[in-house]
Structure formats: structure tokens, C-alpha cells
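**Student:** Below you will find the structure I want to go over with you.
No value in this document is a laboratory result; all are computed from the given coordinates. Keep in mind that this is a model prediction, so the values were computed, not measured. All Cβ positions, even for glycine, are placed from backbone atoms using ideal geometry, and neighbour counts span all protein chains on display.
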Amino acid sequence: MVKLANFESKEYPNLAKLADSAELLMYSDAKSSLTIFGSFAEQLTKLIFRLDGMKDWNLQQNERILHMQASSNEYPSSVTAALDKIRRLRNKAAHEADFHPSLEVALYIDQEAFFVWCWFLETFTQADIKPYQKPVDQQTMVADQQKKIERLTAEIEKLQHTQPVEVPESVRAERRRKNRKFAAKNKLSEAQTREIIDQQLRDAG
């Protein structure tokens, strides 16, 4: 059996396995893959809120992203932009019956999710980060994925209801430093910035 190695974590194995489940479904069911990537991003964002001592992680995902963008924690704009792309496509997959995403769209969101995952590991852990690898088609391995996804999501949700972490100022300062460093290395391109502005204008009507 070929093991997907894009999402690995000794500290947060359930989140990693949830993203792995999304990768396993990309070739057979891209729409479900986008939905699961959305759940992964939402659970990861809730975890970030808890680890940074933010007490409002029960917001909607778009509200969490807005809080991150406005936060003094200096979360990289490239990270919040990726989270928003994942959220928007998850919503389309979950709510639009005539939306039939291609494999290319699922692969794109896979890379966006991996980008956010790398930032998270770099900022909140000491983990070694391996390069992204394009997943292979493993349709024969997906029969039991739905039960696995439901179990992992339930376990993650249970963890999210613990109290926020008390974060020392020295740790906050170090995370802000890492956020600035990550943001400097991963600046939004002119096209990405224009895409965000255009989307904001569309949202505003």
C-alpha cells in the first residue's frame, strides 16, 4: 500500500488523517474531497484559535478567517487567503447540486491545504516538513473512508471543547515573528491580490 505523506503529524495525527482522507477521495469523488478539505481547514482554524488563546472558535469559518485577518497575531495574508479559497469551494461542494469539480480543482485545493498545514507546523510545532507530493490514485482504498472521517471528526470536535490555552507573551511574540517570516517568504502575487479584491467587490454586491 502506498502511503500518502503530505499530511503527517505526531502531535495532531487526527487532523493529518482527516486531510489524508480528502486526498484519498480526490480521484474517485472530487466533490466529497473538497467537502472534507473544508472540514479539515475548519478544524485546523479552531485549533489555531485555541492554541493562540482566542475564545471565539465557535464562529462560522468565514468569521474566523476575518478575525485572523484583523488579529494582532499577524497571521500571513497568504494563509488566510488559502483558508478562504478552501472555505468557498467547500461551500459550493456542499450546497450546489450542479457543481461538479474536476480533479484539477481538487488537486489545487489539496495544495492550498498543504500550504496552510506547512505554515501551521512551522509556527506551532517543531516538526520537520516534507515537500509536497502529488497524490496517486488509490480508489481501491476508499471503501471505509466515510466511517473513518466521521470518527476522526468526532474526536477532533471533542478536543476543541477544551479551554483555550493560556499563551505567555513570549510565545505570542515568537509566533508573531514566525508569522512575519512566513509572510515575507510567501507574499501574495499581484494576481492573487487582485483575485481577493475582486472577490471582496463581488461579495459587497
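**Student:** Taking the stretch 187-204 only, how many residues are surrounded by 10 or more Cβ atoms within 10 Å (Cβ to Cβ) and either in a helix (DSSP H, G or I) or of a type in the set (Val, Ile, Thr) (or both)?
**Tutor:** Of the residues in that region, 8 qualify.
**Student:** Continuing with the same structure: Need the failing condition index for Tyr108 against (1) under 20 Å from Leu188 (Cβ atoms); (2) touching a residue at least 60 places away in the same chain (Cβ under 8 Å), just the number.
**Tutor:** It fails just one condition, (2).
**Student:** Also, quick follow-up: With the structure loaded, tell me whether Pro131 is under 26 Å from Lys147 (Cβ atoms) and either among the aromatic types (Phe, Trp, Tyr) or not in a helix (DSSP H, G or I) (or both) or whether it fails that test. Outline the logic, then answer.
**Tutor:** Details: under 26 Å from Lys147 (Cβ atoms): no; either among the aromatic types (Phe, Trp, Tyr) or not in a helix (DSSP H, G or I) (or both): yes.
Judged against the criteria, Pro131 is not a match.
**Student:** Let me ask another. Please go through the stretch 166-188 and pick out each residue that is within 19 Å of Lys55 (Cα to Cα) and in contact with an Asp or Glu (Cβ under 8 Å, 6 or more places away or on another chain).
**Tutor:** Selection gives Val167, Arg172, Arg175, Arg176.
**Student:** Additional query: Restricting the first residue to the stretch 187-205 and requiring it to be farther than 19 Å from Arg87 by Cα, which pairs with a second residue that is of a type in the set (Gly, Ala, Ser) meet a Cβ separation below 8 Å and a spacing of at least six or different chains?
**Tutor:** Between residues of the stretch 187-205 that are farther than 19 Å from Arg87 by Cα and residues that are of a type in the set (Gly, Ala, Ser), the close pairs are Lys187/Ser78.
**Student:** Enumerate the helices (runs of 4 or more DSSP H) found wholly within the stretch 1-95, keeping only those where 2 or more residues are out of contact with any Asp or Glu (no Cβ under 7 Å at 6 or more places or on another chain) and farther than 28 Å from Ile197 by Cβ.
**Tutor:** Numbers: elements: 13-25, 30-51, 61-70, 77-95.
In the stretch 1-95, 13-25, 30-51 are the helices (runs of 4 or more DSSP H) which contain 2 or more residues that are out of contact with any Asp or Glu (no Cβ under 7 Å at 6 or more places or on another chain) and farther than 28 Å from Ile197 by Cβ.
**Student:** To continue, here is another question. Can you give me the number of residues within the stretch 68-87 that are basic (Lys, Arg) and in contact (Cβ under 8 Å) with a residue 40 or more places away in the chain?
**Tutor:** Here is the first cut: in the stretch 68-87, the ones basic (Lys, Arg) are 85, 87.
Within this subset, residues satisfying the condition of being in contact (Cβ under 8 Å) with a residue 40 or more places away in the chain are 87.
Number of matching residues: 1.
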